[in-house]
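Structure first, then comments.
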Amino acid sequence: MMFLSPAVTTTFRFRASRRSRAGLACLAAALAIAWAGPRSARAADHRIEPVAAGLEFPWSLAFLPDGRMLVTERAGRLRVIERDAAGRTVLRARPVEGVPPVLAQGQAGLFEVLVDPDFAANGWIYLSYAHGSRRANHLRVARARFDGTRLREVTTLFTAQPAKAHDQHFGARMALLGDGTLAVALGDGNVERTDAQRLGTHLGKIVRIGRDGRVPADNPFAGRAGALPEIYSLGHRNPQGLVFVAAPGAPGQGVLYAHEHGSKGGDELNAIARGANYGWPVTTGGVDYTGARITPYRTLDGVTPPRVEWTPSIAPAGMAHYDGALFPAWRGSLFVAALKEKSVRRVPMDGGRPGAQEILFRELGERLRDVRAGPDGALYLLTDDKAGRVLRVVPRAPG
């Protein structure tokens, strides 16, 4: 593990890592896969069906045990998707009531919705959203009880510190880990990049909290002077994909995967380990939007290299792990929604090692914000548009 001292802004001092050589080998393998180039899948292999339309920049989708779905709109609305008496999938005209106040401007808004694994018994859902004003805002996580029409007992579980200026790089994805705790990804705020290396701020970190908001005692920096106890990993730019993949036959164990936007190039897929540093902004495969170099380093001792790097950028957004029955060839893959590339990247994983990628759904020609694996074995897509849609991907019927 490594981090930048708060007093250091231009000189980087790193502790050597036992994993540095292995990390370099991992990076080389990931780059070799990327340079080999992905292949595009044929649209004839699948069928894309409309589920819901007329959504204002939908951001996240979650499945309820009774077959309904919850979808967030960045403007601050939470909606229910359900079937009518004729069995058709319909979007409720009225948003869910009781959503807490949301800062909705620029990149700020209502982000992730996550359903508690014990929802059938407790009714809990979790929301991440921008809170505050443009000049002083935070990423906030709240828990609420959903009764079918409104949210009740809304409780704040986490508010990122300190307040930041501007309305960019919130991160905001969430994932439930195998031990029942909650991981939350936070961007660097796009103000002071080196905040991602400082342990006195939540910016540019992945944090881990209990589902009641309490800090787990075994967090890597809990009890450390000057460090915020919620921090689980550091060195992130703007992580907008987060998924926990359980280990087969080992309940509670598995791997947390995250992806994040680079600047101009340097988008990353990472396997997250407690206390690890993922390098931003002292290592990156990208350059600034002006073309200026951000850092001379792509790798450094003490920095965990990405499993996959995308240069040029694809602008990764949501992410899902697929283990369904409808597409047997896709089982064990990560699916990464890509805004800029207007696609979904399928990344097959074998023992944590990424295989040759496949580019999917470019026939839509739309920016894709999220991808989810449904309990019915289908894939679900959210299009990033003022008139956004929820789409369902199923196999094309023979003939």
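The values are calculated or read from the model by the stated rules, or taken from the named source; none is laboratory data. Note that this is a predicted model, so its numbers are computed, not measured. All accessible areas refer to the heavy atoms of the entire protein, side chains included, with ligands and DNA or RNA removed. Shrake-Rupley method; radii C 1.70, N 1.55, O 1.52, S 1.80 Å.
Over the stretch 129-204, with every protein chain in place, what whole percent of the accessible area is carbon and sulfur at 1.4 Å, could you tell me? Walk me through the numbers before you get to the answer.
Details: 1170 of 2630 Å².
Of all accessible area on the stretch 129-204, carbon and sulfur atoms account for 44 percent.
Given the pairs LYS264/LYS342; LYS164/LYS205; LYS342/LYS386; LYS264/LYS340; LYS164/LYS340, which span a C-alpha to C-alpha distance of over 20 angstrom in this model? List each step's numbers first, then the result.
Values: LYS264/LYS342 17 Å; LYS164/LYS205 14 Å; LYS342/LYS386 16 Å; LYS264/LYS340 12 Å; LYS164/LYS340 26 Å.
Checking Cα-Cα distances, LYS164/LYS340 exceed 20 Å.
Using Cα-Cα distances under 8 Å and only pairs 6 or more residues apart, what relative contact order does the chain have, in percent?
Numbers: 1099 pairs, mean separation 67.1, N = 399.
Normalised by residue count, the contact order of the chain is 17 percent.
Give me the three principal axis extents of the stretch 86-140 from the C-alpha atoms, as integers in angstrom, largest value leading.
Taking max minus min along each principal axis of the Cα atoms, the stretch 86-140 gives 47, 27, 17 Å.
Under 1.5 on a/c is rounded, so check that first for the stretch 301-399, then, if it is not, pick prolate when a/b is larger than b/c and oblate when it is not; a ≥ b ≥ c are the square roots of the alpha carbon gyration tensor eigenvalues.
On the way: a/c = 2.03, a/b = 1.23, b/c = 1.66.
Oblate, since a/c reaches 1.5 and b/c is not below a/b.
Can you give me the pair-distance distribution of the stretch 62-162, C-alpha pairs, 10 Å bins, whole percents?
So the P(r) values, bin by bin, are 16, 47, 28, 8, 1, 0.
Keeping every protein chain in place, order HIS236, HIS166, HIS261, HIS321 by accessible area at 1.4 Å, biggest value first, i.e. largest first.
Numbers: HIS236 0, HIS166 80, HIS261 25, HIS321 55 Å².
My answer, sorted largest first, is HIS166, HIS321, HIS261, HIS236.
Under a 10 Å cutoff between Cα atoms, tell me which one of LEU242, LEU334, LEU151 has the largest fluctuation in the Gaussian network model of the chain.
Among LEU242, LEU334, LEU151, the largest mean-square fluctuation in the Gaussian network model of the chain belongs to LEU151.
May I have the convex hull volume per residue, in Å³, for the Cα set of the stretch 308-356? Walk me through the numbers before you get to the answer.
On the way: hull volume 3.9 nm³, N = 49.
Taking only Cα atoms, the stretch 308-356 has a hull volume of 80 Å³ per residue.
Stokes-Einstein diffusion coefficient for the stretch 37-121 at 4 °C in a medium of 1.567 mPa s, Rh from the Kirkwood formula over Cα pairs: what value in µm²/s?
Numbers: Rh = 14.9 Å.
It diffuses with D of about 87 µm²/s by this estimate.
Would you list the P(r) distribution for the stretch 260-332, with all Cα-Cα distances sorted into 5 Å bins from 0 and each bin expressed as a whole %?
With a bin width of 5 Å, the distribution comes to 3, 16, 20, 21, 15, 11, 7, 5, 2, 0.
Per residue, what accessible area does the stretch 240-284 have, given a 1.4 Å probe and all protein chains present, in Å²?
On a per-residue basis, 29 Å².
I need the P(r) histogram for the chain: all alpha carbon pairs, bin width 20 Å from 0 out to the longest distance, whole percents.
That works out to 29, 61, 11, 0, in percent per bin.
Taking all protein chains as present, what is the carbon and sulfur share of the accessible area of the stretch 272-327, in % to the nearest whole number, probe 1.4 Å?
Result for the stretch 272-327: 52 percent of the exposed heavy-atom area is carbon or sulfur.
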